[in-house]
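> My questions all concern the structure below.
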Amino acid sequence: MTRNHVIGIRGGVCAISAALILLALPAAAQSPPADQARQWCFGSSDIGDDQRIDGCTIVLQADPSNVGALVNRGKSFRRKKKTQQALADYTRAVELAPDNPEIWFGRGITYADLGDRDHAIADYTHAIELKPDNASYWCNRGNVRIAQNDFEHGFADFDQAIIIDPKFALCYFNRGTARAWHREPDRALADLDMAIKLDPNYAAAYGNRARLYRDRGGRDHALADFTKSLELNPNNAGDARARGDMYLDAHDYERAQADFDRSIKANPNYAGVFYGRCVTHEILHQFPEALADCNQSLRMKPNEPNMLSSRGRIKLRLGQYDAAMADFDAALSVNPNSETALYGRGLAKRKKGDSEGAARDIAAAKAINVGISGAYEHLALP
């Protein structure tokens with residue numbers, strides 16, 4: 001089974017200051033509905049986003065140029081992933097208050113959410129020009145530059161953010177994660193160590209540090225960090241899946257299965273974790289469950305050759321030889337050099353009485369990987 005281990009950029013985004021709630025608070029209205037709207041729009045952080053949007057909308061109907069209401073509604077739209085509405089509110093707020101760096105910063109975050117990196121960088125730059133001593137502005141611009149593969153300027157932004165605020169755990173995390181992506185594991189590890197030192201409850205930092213340890217062969221350290229991450233954030237699907245992969249590689253199948261179950265419960269939208277659980281079920285001789293998971297992984301990622309080969313192998317074990325051959329054929333149409341598909345198809349042909357065809361496929365598989373038969377014997381295939 002092939003699984004690629006990479007550290008994804010899970011850079012944190014600095015939130016917009018809660019002080020924006022206090023921007024441009026208008027004089028108190030007299031009518032109760034208006035008072036309630038003002039409370040929803042400008043009240044404390046325990047106001048829900050739907051109420052905030054409703055309240056600010058009423059305020060803006062009475063005063064379309066109320067910057068505070070625009071910003072607060074924009075923040076709530078963004079949290080609800082109504083990003084275009086958020087962008088419209090921030091743009092109007094920028095027009096009304098062009099000297100407020102927090103509004104430029106907020107719109108920059110919104111552009112970044114939309115994947116519009118050039119505009120995000122432009123807005124972060126404007127915020128920096130207005131307030132160059134704000135570490136969050138530099139750190140967020142660094143995130144976007146790293147996402148553009150502009151490592152030189154991205155690292156420079158992270159460095160400046162940390163100079164401004166040497167205790168900025170999130171920016172150490174972002175820089176460490178970017179360094180891991182840039183194949184600087186030692187420096188990445190140092191940054192993630194610092195992020196955890198500054199914030200011992202930083203779940204994402206433990207998860208990314210675990211990946212570094214894993215890729216360096218430090219299995220015990222990696223498992224400890226994944227475990228700590230999941231203690232702090234039990235619903236982290238990515239870390240549960242990554243720990244499950246490690247358990248699967250170590251033949252600790254029950255723990256692997258438990259982690260794949262946890263990952264799927266937290267996020268049922270990733271084909272790879274269904275595939276990992278499919279393989280685990282197969283090894284544990286839970287063939288109907290294995291087939292169901294491989295079917296699901298292929299619904300989400302059709303024509304993936306490793307998944308097709310695994311499903312073919314399960315069908316072979318269930319005695320469904322024609323269906324198994326169809327999966328092996330499909331896998332080979334995508335990857336003609338798949339030794340697992342060739343060997344599996346050879347076994348299926350042997351079961352169907354095609355000795356010559358079986359010998360050809362098995363020989364071709366062994367020419368690619370001389371040890372392929374041992375892998376199948378480990379699975380106790382026919």
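The values are calculated or read from the model by the stated rules, or taken from the named source; none is laboratory data. It should be emphasised that the depicted structure is a prediction, and the values quoted were computed from it without experimental measurement. When we count neighbours, we look across all protein chains shown, and the Cβ atoms used for this are built from the backbone with ideal geometry, even at glycine.
> Pairs needed: first member in region 308-334, on the phi > 0 side of the Ramachandran plot; second member anywhere, in a helix (DSSP H, G or I); C-beta distance under 9 Å; at least 6 residues apart or different chains.
What qualifies is 319/351.
> Which is under 28 Å from residue 124 (Cα atoms), of a type in the set (Gly, Ala, Ser), part of a helix (DSSP H, G or I) and touching a residue at least 24 places away in the same chain (Cβ under 8 Å), of 210, 180?
Working: 210 fails: under 28 Å from residue 124 (Cα atoms).
Result of the check over 210, 180: 180.
> Let me ask something else about it. Only one of 319, 244, 218 is out of contact with any Cys (no Cβ under 7 Å at 6 or more places or on another chain), surrounded by fewer than 21 Cβ atoms within 10 Å (Cβ to Cβ) and under 29 Å from residue 184 (Cα atoms). Can you tell me which?
The unique qualifying residue is 218.
> Output yes when any residue across region 216-226 is over 21 Å from the mean Cα position of the chain (by Cα), closer than 17 Å to residue 202 by Cβ and part of a helix (DSSP H, G or I), and no when none is.
Looking only at region 216-226, we keep the residues that are over 21 Å from the mean Cα position of the chain (by Cα), and these are 216-221.
Filter once more, so that each one left must be closer than 17 Å to residue 202 by Cβ: 221.
If we keep only those that are part of a helix (DSSP H, G or I) too, we end up with 221.
So far as region 216-226 goes, yes, one or more of its residues are over 21 Å from the mean Cα position of the chain (by Cα), closer than 17 Å to residue 202 by Cβ and part of a helix (DSSP H, G or I).
> Still on this structure: Among the residues of region 191-209, write down those that are under 15 Å from the mean Cα position of the chain (by Cα), buried (at least 21 other Cβ atoms within 10 Å of the Cβ) and among the aliphatic types (A, V, I, L, M).
Residues satisfying the conditions are 204, 205.
> Residues of region 118-128 being within 14 Å of residue 104 (Cβ to Cβ) and out of contact with any Pro (no Cβ under 7 Å at 6 or more places or on another chain), which ones?
Step one: of region 118-128, the residues within 14 Å of residue 104 (Cβ to Cβ) are 119-128.
Hits for region 118-128 are 119, 120, 121, 122, 123, 124, 125, 126, 128.
> Kindly indicate the residue of region 97-111 that is of a type in the set (A, V, I, L, M, F, W, C) and surrounded by 20 or more Cβ atoms within 10 Å (Cβ to Cβ) and also farthest from residue 140 (Cα to Cα) among those meeting that condition. Let's see the steps before the verdict.
Pass one, region 97-111, residues of a type in the set (A, V, I, L, M, F, W, C): 97, 103-105, 109.
Filter once more, so that each one left must be surrounded by 20 or more Cβ atoms within 10 Å (Cβ to Cβ): 103-105, 109.
Numbers: 103: 14, 104: 12, 105: 9, 109: 8 Å.
Per the stated criteria, the residue is 103.
> While we're on this one: Is it true that residue 312 is buried (at least 17 other Cβ atoms within 10 Å of the Cβ) and within 25 Å of residue 343 (Cβ to Cβ)?
Details: buried (at least 17 other Cβ atoms within 10 Å of the Cβ): yes; within 25 Å of residue 343 (Cβ to Cβ): yes.
Yes; evaluated as a whole, the condition is true for this residue.
> Six or more apart or on different chains, Cβ under 8 Å: which pairs go from a residue in region 231-246 that's closer than 12 Å to residue 258 by Cα to one that's outside any helix (DSSP H, G or I) and among the hydrophobic types (A, V, I, L, M, F, W, C)? Could you list them?
Between residues of region 231-246 that are closer than 12 Å to residue 258 by Cα and residues that are outside any helix (DSSP H, G or I) and among the hydrophobic types (A, V, I, L, M, F, W, C), there is no close pair.
> Quick one: which of 261, 245, 293, 239 is part of a helix (DSSP H, G or I) and in contact with a Leu (Cβ under 9 Å, 6 or more places away or on another chain)?
Numbers: 261 fails: in contact with a Leu (Cβ under 9 Å, 6 or more places away or on another chain); 245 fails: in contact with a Leu (Cβ under 9 Å, 6 or more places away or on another chain); 293 fails: in contact with a Leu (Cβ under 9 Å, 6 or more places away or on another chain).
Result of the check over 261, 245, 293, 239: 239.
Yes/no matrix, rows are residues, columns are (1) among the charged types (D, E, K, R); (2) surrounded by fewer than 24 Cβ atoms within 10 Å (Cβ to Cβ); (3) under 24 Å from residue 200 (Cα atoms); (4) under 18 Å from the mean Cα position of the chain (by Cα):
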residue	(1), (2), (3), (4)
257	no, yes, no, no
266	no, yes, yes, yes
271	no, yes, no, yes
275	no, no, no, yes
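> Turning to a different aspect of this structure: Looking for whichever is at pLDDT below 95, surrounded by 15 or more Cβ atoms within 10 Å (Cβ to Cβ) and at negative phi here; the options are 53, 47. Which one fits?
Numbers: 53 fails: at pLDDT below 95.
None of the others qualify; the one that does is 47.
> Write out, first by first residue and then by second, each pair whose Cβ atoms fall under 6 Å of each other, whose residues are 6+ apart or on separate chains, and whose first residue, in region 48-74, is outside any helix (DSSP H, G or I) while the second is buried (at least 24 other Cβ atoms within 10 Å of the Cβ).
66/59
> While we're looking at this one, here's another question. Restricted to region 137-153, and to residues that are surrounded by fewer than 24 Cβ atoms within 10 Å (Cβ to Cβ) and in contact (Cβ under 8 Å) with a residue 24 or more places away in the chain, which residue is nearest to the chain's Cα centre (by Cα)? Steps first, answer last, please.
First, the residues of region 137-153 that are surrounded by fewer than 24 Cβ atoms within 10 Å (Cβ to Cβ): 145, 147-153.
Remaining after also requiring in contact (Cβ under 8 Å) with a residue 24 or more places away in the chain: 145, 147-148, 151.
Numbers: 145: 18, 147: 14, 148: 17, 151: 20 Å.
Ranking the candidates gives 147 first.
> Yes or no: residue 159 surrounded by fewer than 19 Cβ atoms within 10 Å (Cβ to Cβ), over 29 Å from residue 64 (Cα atoms), acidic (Asp, Glu) and free of Cβ contacts under 8 Å to residues at least 60 places away in the same chain? If you could, list the steps in order and put the result at the bottom.
Details: surrounded by fewer than 19 Cβ atoms within 10 Å (Cβ to Cβ): yes; over 29 Å from residue 64 (Cα atoms): yes; acidic (Asp, Glu): yes; free of Cβ contacts under 8 Å to residues at least 60 places away in the same chain: yes.
Spelling it out, residue 159 is indeed surrounded by fewer than 19 Cβ atoms within 10 Å (Cβ to Cβ), over 29 Å from residue 64 (Cα atoms), acidic (Asp, Glu) and free of Cβ contacts under 8 Å to residues at least 60 places away in the same chain.
Rundown of residues vs (1) under 17 Å from residue 104 (Cβ atoms); (2) not aliphatic (A, V, I, L, M), yes/no style:
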{"position": "130", "(1), (2)": "yes, no"}
{"position": "133", "(1), (2)": "yes, yes"}
{"position": "138", "(1), (2)": "yes, yes"}
{"position": "146", "(1), (2)": "no, no"}
{"position": "154", "(1), (2)": "no, yes"}
{"position": "161", "(1), (2)": "yes, no"}
{"position": "166", "(1), (2)": "no, yes"}
{"position": "181", "(1), (2)": "no, yes"}
{"position": "185", "(1), (2)": "no, yes"}
